[in-house]
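Remarks on the structure that follows.
What follows draws every value from the coordinates through simple rules; no lab data is involved. Worth saying up front: this structure is predicted, and the values here are computed from it rather than measured. Heads up, the Cβs are rebuilt from the backbone with ideal geometry, glycines too, and the neighbour counts pull from every protein chain shown.
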Amino acid sequence: DGGITQSPKYLFRKEGQNVTLSCEQNLNHDAMYWYRQDPGQGLRLIYYSQIVNDFQKGDIAEGYSVSREKKESFPLTVTSAQKNPTAFYLCASSMYGRVTDTQYFGPGTRLTVL
Amino acid sequence: AQSVTQLDSQVPVFEEAPVELRCNYSSSVSVYLFWYVQYPNQGLQLLLKYLSGSTLVKGINGFEAEFNKSQTSFHLRKPSVHISDTAEYFCAVSEGAGSYQLTFGKGTKLSVIP
């Protein structure tokens, strides 16, 4: 089955620790995205990558970092510089990264900072 | 800058009744419009999108939406809801050519009452 997988489903972190969220897709899509979802806030774009080894900051990139070394993988690192990291994180992909392309979403990772 | 307003944060409706979820956007240029659905603790799934052409767009699960340029609206409708439609619905907008980013509304939680 083609799709997007995110792991882990739940993640707990102590303050001051970096943590990496995994996102893998087997849809052969060029573009991948990371969103943050907070209750009552909708989705906000963290980072976007249209091709391998290239990515752009979204609206709320501060305190986050990404890499895109392989087409199918787009991991997100939440660093200790992110002041309020507790949230639901969603990864998505689309065929070419055009705004008209449908974005396909993974099931999400819920991060809680203890 | 574009923005999206979903006027109702929660909408309760009885099973088999019709429903309308409202979405208004602000943009000075031509836009593309989307509705996504999110079931509890899951990622988002595209319901329908308006790119051009007919202003009445039909999507999955019996949903449809109408683009009204003069009122800058893109309301989502279903003539008869089912328990399985209970979910959160997000409207999103993009300013078209040259843009890669979707701007999401804050979501509307639809609760279908048996």
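In sequence order, what are the phi-derived ³J(HN,Hα) couplings for segment A:4-13 according to the Karplus relation 6.51 cos²θ - 1.76 cosθ + 1.60 with θ = phi - 60°, rounded to whole Hz, with x for glycine and proline?
Along segment A:4-13, the couplings run 10, 10, 10, 9, x, 6, 10, 9, 10, 9 Hz.
Within 10 Å of each candidate Cβ there may be at most 14 other Cβ atoms; applying that plus a DSSP loop requirement, which GluC sites (Glu not before Pro) in segment A:20-114 survive?
Here the sparse-neighbourhood loop sites are A:GLU62, A:GLU69.
Provide the FRET efficiency to the nearest 0.05 for the B:THR72-A:LYS57 pair, computing r from the beta carbons and using R0 = 25 Å.
0.35
Which whole-number percent is the relative contact order of chain B (Cα, under 8 Å, 6+ apart)?
Relative contact order comes out at 37 percent.
Give me the extension gain from A:THR86 to A:LYS70: residue separation times 0.36 nm, minus the current Cα-Cα distance, reported in nm with one decimal.
Extra length from A:THR86 to A:LYS70 when fully extended: 3.0 nm.
Ignoring trypsin sites (Lys or Arg not before Pro) that are buried or in helix or strand per DSSP, and keeping those with at most 12 other beta carbon atoms within 10 Å, what is the longest stretch of chain A between them?
A:15-82
Which far-off residues, 5 or more places away or on another chain, put their amide H under 5 Å from the one on A:PHE74, with H placed in the peptide plane?
A:CYS23
Report, by chain and number, residues whose modeled amide H sits under 5 Å from the one on A:LEU43, excluding near sequence neighbours (fewer than 5 apart, same chain).
Hits under the 5 Å cutoff: B:PHE104.
Between B:PHE14 and A:LYS14, what's the calculated FRET efficiency when r is the beta-carbon distance and R0 is 41 Å? Round to 0.05.
Taking R0 as 41 Å, the efficiency between B:PHE14 and A:LYS14 is 0.35.
Filter the cross-link list A:LYS71/B:LYS69; A:LYS71/B:LYS49; A:LYS71/B:LYS78; A:LYS71/B:LYS109; A:LYS14/B:LYS49; A:LYS70/B:LYS78 down to pairs whose alpha-carbon distance in this structure exceeds 32 Å.
A:LYS71/B:LYS69; A:LYS71/B:LYS78; A:LYS71/B:LYS109; A:LYS14/B:LYS49; A:LYS70/B:LYS78
Provide the per-residue ³J(HN,Hα) series for segment B:40-55, in order, calculated from phi with Karplus coefficients 6.51, -1.76, 1.60 and θ = phi - 60°, each as a whole number of Hz, with x at glycine and proline positions.
x, 6, 10, x, 9, 10, 5, 8, 6, 8, 10, 10, 5, x, 4, 7
So what is the relative contact order of chain A, in percent, for Cα pairs below 8 Å that sit 6 or more residues apart?
Relative contact order of chain A: 35 percent.
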